[in-house]
1. Please identify the pairs in which a residue from segment 69-85 that is farther than 14 Å from residue 49 by Cα has its Cβ atom under 7 Å from the Cβ atom of a residue that is away from the ligand (no atom under 16 Å from the Cβ), counting only partners at least 6 apart or on another chain.
2. Applying the selection to segment 112-134, what residues are within 18 Å of residue 12 (Cβ to Cβ) and assigned to a strand (DSSP E or B)?
3. Quick one: is residue 47 under 14 Å from residue 114 (Cα atoms), touching a residue at least 60 places away in the same chain (Cβ under 8 Å) and crowded, with 18+ Cβ neighbours inside 10 Å?
4. Give 82, 102 a once-over and let me know the one that is within 16 Å of the ligand (Cβ to nearest atom) and at pLDDT 95 or above.
5. If residue 93 passes every condition in (1) under 16 Å from the mean Cα position of the chain (by Cα); (2) exposed (fewer than 13 other Cβ atoms within 10 Å of the Cβ); (3) under 23 Å from residue 136 (Cβ atoms) but one, which one does it miss?
6. For a quick check of your reading of the model, give me the residue pairs whose first member lies in segment 108-136 and is away from the ligand (no atom under 14 Å from the Cβ), whose second is at pLDDT 95 or above, with beta-carbon atoms closer than 7 Å and at least 6 apart or on different chains.
7. Taking segment 50-90 only, how many residues are at positive phi and surrounded by 18 or more Cβ atoms within 10 Å (Cβ to Cβ)?
8. Taking the conditions exactly as written (more than 10 Å from the ligand (Cβ to nearest atom) and within 25 Å of residue 28 (Cα to Cα)), does residue 47 satisfy them or not?
Ligand code: CO
């Protein structure tokens, strides 16, 4: 086996109804501070990144009703939304998913937040976990 394609946990993403409430919770309870805040128009979300060691907690709040995160909140409520893994090459990792016969959400890598390149892997064939491949 060659080196693993997943090199680190980039972030754990949590869907929330109110970003400021969630930021206050992590700040007041655990002393976490906001490292990055960005509206990602293409995904219909506003996100906050809280640094935890070399990884992030990513808080996600929908900015419109047709955003996938809005649908997630409506169906399942607040909670764990996806896990982002760092990869050296998003295209290579995505190709491996397809080569192994597993489903993807993004057919090709696309721009993510912070200038990253990302692709989502379908939870249906990934043990119920929505996976995001993140290339910095
Ligand atoms: Co993410």
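1. Taking only residues 6 or more apart or on different chains, the pairs are 70/64; 73/17; 78/17.
2. Answer for segment 112-134, where residues must be within 18 Å of residue 12 (Cβ to Cβ) and assigned to a strand (DSSP E or B): 118, 119, 120, 121, 131, 132, 133, 134.
3. Yes, satisfied.
4. 82
5. The one condition residue 93 does not meet is (2).
6. 122/103; 122/104; 122/105; 124/103; 125/102; 125/103; 126/102
7. Qualifying residue count, segment 50-90: 0.
8. no
The values are calculated or read from the model by the stated rules, or taken from the named source; none is laboratory data. Given the structure is predicted, the values throughout are model-derived calculations rather than measurements. Note that each Cβ is placed from the backbone with ideal geometry, even for glycine, and that neighbours are counted across all protein chains shown.
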